[in-house]
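Bear in mind that the values in this text are calculations on the coordinates, not laboratory data. In this text the structure is predicted, and so the values were computed from the model without any measurement. FYI the Cβ positions are ideal-geometry reconstructions off the backbone, even for glycines, and counts take in every protein chain you see.
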Amino acid sequence: MAGPVHIEADVVVLGTGPAGMAAVSAAVAAGVEVVAVEAMPHIGGNAVWSTGYLAFVGSDMQAEQGIVDSEETFVADARAMVEAAEDQFGVECDEDLVRLFARESAETYRLLTERGVRFSRFIPRPKQHTVDRMAAVEDTWMLGRAFVPDFERATTLYGTLADRLVTEDGRVTGVRAHSADSADTEYLLTARRGVVLATGGYQSNPELRRRYQPGFVARAPYLGIDTCRGTGHLLGQAVGGDLMNMTFVPPLVIVSSSVVEDAIAVNEAGERFHDEAGPYEERVERLHAQPGRRAWYVVDDVVAREKEGLIGQMPEPPVQAATLAELAALIGVPAEALQATVDRWNAFLDTDATVDPDHGRVVLPPGRRRCATGPFTAVPMVEGVNFCCGGFRVTRDMQVVDVFGAAIPGLFAAGDCVGGLNPVSDLGGIHICGGLTLGRVAGRAAARGADDRSDHGTVLHAGMPSMLDTRIELVHLDPSATRA
Ligand SMILES: Cc1cc2nc3c(=O)[nH]c(=O)nc-3n(C[C@H](O)[C@H](O)[C@H](O)COP(=O)(O)OP(=O)(O)OC[C@H]3O[C@@H](n4cnc5c(N)ncnc54)[C@H](O)[C@@H]3O)c2cc1C
């Protein structure tokens, strides 16, 4: 067999989801040669299949609507989120990274809108974002299309899997890769300035999830692209990268937020039991509290037709019936109760009230449209995962840090390959905008060859203690106690 195809560039970017697209874009803009490696046949990663909610801090869209936002407001929201999750997941948040995101995200909004991405409205989430800052993209494929001109100026190997990093004297100098359909075509990619890990998370790799999660949680279904197998995490780990928050794969009810906008959820009693659009963790807790953990999203025919694709992606198949009474019989809930629940919801939508009096819900159907046109559809609520939060510790240049706090020369990371920002992901809209925003920082830094060039092993990353510096309070050991 012939040897690997050798390609040389200044920057090599692995993965082309939001983080990779932004890294490619920034590196190309800096005027350097870029090679991107993508397992799939197109750019966009999970973002183009997602709901498309993006959180921006201090965006032009906020200013146009008179909404006042700031880095400090965002940091306060982020702190509240981390405090709520800390005990459950042992979460560690990198506040410097949260601040960097807050400062740079308005620029992301500007760049996207200049490139034709349109946002239709803010999605209110007052329990998470204390001001309106999470915007819904009109069409998620716009996010991919916005970066096509950058990819025309780079070399992209589609259908290709990165499988090893190449190092020389402790510096990452390249990548080995092979074609995804067979291992016949191998590549050796030399990176003169830097490699950016942007391969997304490890949520579609059950083996890797089992290392960090109890088995029954690791087996929970996943909705999303199946190439997020933690390759970047393993590649970086193999050269000493320090991972954080790896156990944090937040459980959620698998449903598109776009479906949630229109749906109500009912339990076996045919009654609503929570704020359907509330924090992800709260939704899971409320589902667990229902008898048999059984509940269904209910929508009418207008919504079922409009969101057929999103409903079809849910883990359990939908059931449909001409009337609410027949639907109730199909799913085994009392017909009068289901009718009364839908009537009460519709009566609320007919008013001007902005907050649902029963569960405090503020995310309402577009145009306050009622659940009124048969046939009616019910889809079982199933717990699973969409994304994970663990990844590398990084410097403010998004350079990967090793377990002793030293930046690894030549290696950068962004998006779901980074662990410090994602613990605040329950705010909503953080993963995509975080990838786009910090991916831009990573691409810029890699193009500059901006790594700390001090000797490998020097502690370069101020404020982030080496694992060796940590201490736990010891209970005094009394040798006499062991003699008996
Ligand atoms: C259904 C769904 C809805 C979501 N909704 C939202 C939302 O509304 N807002 C939000 O902020 N987040 C949302 N998310 C999460 C969000 O889409 C991801 O967290 C985000 O896209 C991560 O960006 P990324 O660039 O790090 O990785 P990804 O978007 O996951 O992209 C990673 C890319 O790397 C490629 N890749 C992986 N391994 C290799 C390899 N070895 N070699 C080459 N290429 C490789 C993959 O094919 C992929 O293209 C949603 C996720 C899902 C599944």
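Some points to look at:
- Relative contact order %, segment 408-452, counting alpha carbon pairs below 8 Å whose residues are six or more apart: 51 percent
- Rounded to the nearest 20 debye, dipole of segment 74-160 from Cβ charges on Lys, Arg, Asp, Glu: 500 debye
- Using a cutoff of 8 angstrom between alpha carbon atoms and counting only pairs six or more residues apart, the relative contact order for segment 213-295 works out to 23 percent.
- Most to least packed among 216-222, 61-67, 275-281, 413-419 [average Cβ atoms within 10 Å]: 413-419, 275-281, 216-222, 61-67
- The chain - share of DSSP beta bridges that are antiparallel (%, nearest 5): 65 percent
- Segment 252-384 pair-distance distribution - Cα-Cα, 5 Å bins, rounded %: 2, 11, 23, 26, 23, 13, 2, 0
- Cα lying deepest toward the dipole's positive end in the chain, options Met40, Met21, Val379, charges on Cβ: Met40
- Kirkwood-type hydrodynamic radius, segment 4-53: 11.7 Å, calculated from all non-identical alpha-carbon pairs.
- Point-to-point label distance, His6-Glu71, nm (Cα→Cβ direction, 7 Å offset): 4.5 nm
- Radius ratio Rg over Rh of segment 119-228, counting only Cα atoms, Kirkwood formula for Rh: 1.06
- Simple spin-label estimate for Val148 and Ala340 in nanometres, 7 Å along Cα-Cβ: 5.5 nm
- The chain - charge dipole about Cα centre, Lys and Arg +1 at Cβ, Asp and Glu -1, debye rounded to 20: 500 debye
- Fewest-first sequence of Cys433, Cys93 by Cβ atoms within 10 Å of each Cβ: Cys93, Cys433
- Compared with the alpha-carbon gap, the fully stretched path from Val355 to Glu207 is longer by 49.0 nm at 0.36 nm per residue.
- The Kirkwood radius of segment 232-300, taken over pairs of alpha-carbon atoms, gives through the Stokes-Einstein law at 25 °C and 0.890 mPa s a diffusion coefficient of 172 µm² s⁻¹.
- Sorted by Cβ density within 10 Å, fewest first, the residues His359, His274: His359, His274
- Long hydrophobic helices in the chain: the complete DSSP H runs spanning 15 Å or more by Cα along their own axis with mean Kyte-Doolittle hydropathy of at least 0.5 are 18-29, 430-448.
- Euclidean distance of C-alpha centroids, segment 389-414 and segment 153-196, integer Å: 19 Å
- Ranking Gln128, Leu436, Met61 by Cα position along the charge dipole of the chain, where only Lys, Arg, Asp and Glu carry charges on their C-beta atoms, puts Leu436 farthest toward the positive end.
- Cβ-derived FRET efficiency at R0 22 Å, Arg396 paired with Glu168, nearest 0.05: 0.30
- Contact order relative to length of the chain, as percent, for alpha carbon pairs under 8 angstrom and 6 or more apart: 23 percent
- Ranked for footprinting exposure by Cβ neighbours inside 10 Å, fewest first, Arg192, Arg283, Arg133 give Arg192, Arg283, Arg133.
- Cα-only Debye scattering, the chain: base-10 log of I(q)/I(0) at q = 0.11 Å⁻¹: -0.90
- Computed about the Cα centre, the dipole magnitude for segment 252-384 is approximately 100 debye when only Lys and Arg (+1) and Asp and Glu (-1) carry charge, each at its Cβ.
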